[in-house]
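Read the figures in this text as sums done on the coordinates, not as results from a lab. Being a predicted model, the structure only gives us computed values, none of them experimental. In this analysis, Cβ positions are derived from the backbone assuming ideal geometry, glycine residues included, and neighbour counts consider all displayed protein chains.
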Amino acid sequence: MIVFDLDGVLIDCSVRKQMLSSGDISRHEYEVGAACDTDMPINDAVKVVQTLCAHYDIMYLTGRRKTAFDATYERLEELGFPMHQNLIMQPIGETTIEYKEQNLSDLVTTTEVVAFVDDSEENREAGKRVGIPVYGTIHELLRHLKRA
Ligand SMILES: [Mg+2]
């Protein structure tokens, strides 16, 4: 299995973040997934994940709140990312690092996780503590897989 963070790795959500900081949408609207239709794939992320999907199970582990599940799922599907019960979102009240570390450590008890890709160094550190190879970008991951 390969586990991907969404924002900053597969998805560019800068338009939505801009709408939040300029007050066009409220924090509440942001957390329930307002304007997810402005999310765009980063470079060739869709093609890369589609290709990897033929060889690996894919999991999306995002710090987005569970309240934005439907909007996030729909947008990922619309963009062409492979979707099949594999989107994990953050419950209210947990910190992102703890939540990601907990989910990764649960995953490794049942599955071989060959990589965790996250643009946050703190989240990558959490992956390392669980013993998973970590990468900051999909291209770093691809370079590694080609060598392997
Ligand atoms: Mg991120």
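A compact table of results
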{"read-out": "Extension gain from K128 to D70, taking 0.36 nm per residue of separation minus the Cα-Cα distance", "value": "17.9 nm"}
{"read-out": "Cα-based convex hull, the range 71-110, per residue volume (Å³, whole number)", "value": "88"}
{"read-out": "Residues whose placed amide H lies under 5 Å from that of A115, excluding near-sequence neighbours", "value": "V3"}
{"read-out": "At R0 = 22 Å, FRET efficiency that the Cβ-Cβ distance of T51 and E77 yields, to 0.05", "value": "0.80"}
{"read-out": "Separation of the Q85 and T110 label points, Cα + 7 Å toward Cβ, nm", "value": "0.9"}
{"read-out": "Efficiency of FRET from Cβ geometry, E121 and K146, R₀ 25 Å, rounded to 0.05", "value": "0.60"}
{"read-out": "Karplus-derived 3J(HN,Hα), 6.51/-1.76/1.60, for each residue of the range 25-32, Hz, glycine and proline x", "value": "10, 7, 4, 4, 4, 4, 6, 9"}
{"read-out": "Considering only the chain, percent of DSSP beta bridges that pair antiparallel, nearest 5", "value": "15"}
{"read-out": "Percent of alpha-carbon pairs separated by more than 26 Å within the chain", "value": "21"}
{"read-out": "Relative contact order computed over the chain (Cα-Cα under 8 Å; 6+ residues apart), in percent", "value": "28"}
{"read-out": "Per-residue HN-Hα couplings for the range 73-90 [Karplus 6.51, -1.76, 1.60; θ = phi - 60°; Hz; x = Gly/Pro]", "value": "4, 4, 5, 4, 5, 4, 6, x, 6, x, 10, 6, 6, 10, 10, 10, 10, 7"}
{"read-out": "Amide proton proximity set for D12, modelled H, under 5 Å, gap of 5+", "value": "M40, I42"}
{"read-out": "Amide H within-cut-off set for R64, under 5 Å, with H built and near neighbours excluded", "value": "Q90"}
{"read-out": "For the range 128-137, 3J(HN,Hα) per residue [Karplus equation, 6.51 cos²θ - 1.76 cosθ + 1.60, θ = phi - 60°, Hz, x = Gly/Pro]", "value": "4, 4, 7, x, 9, x, 10, 9, x, 9"}
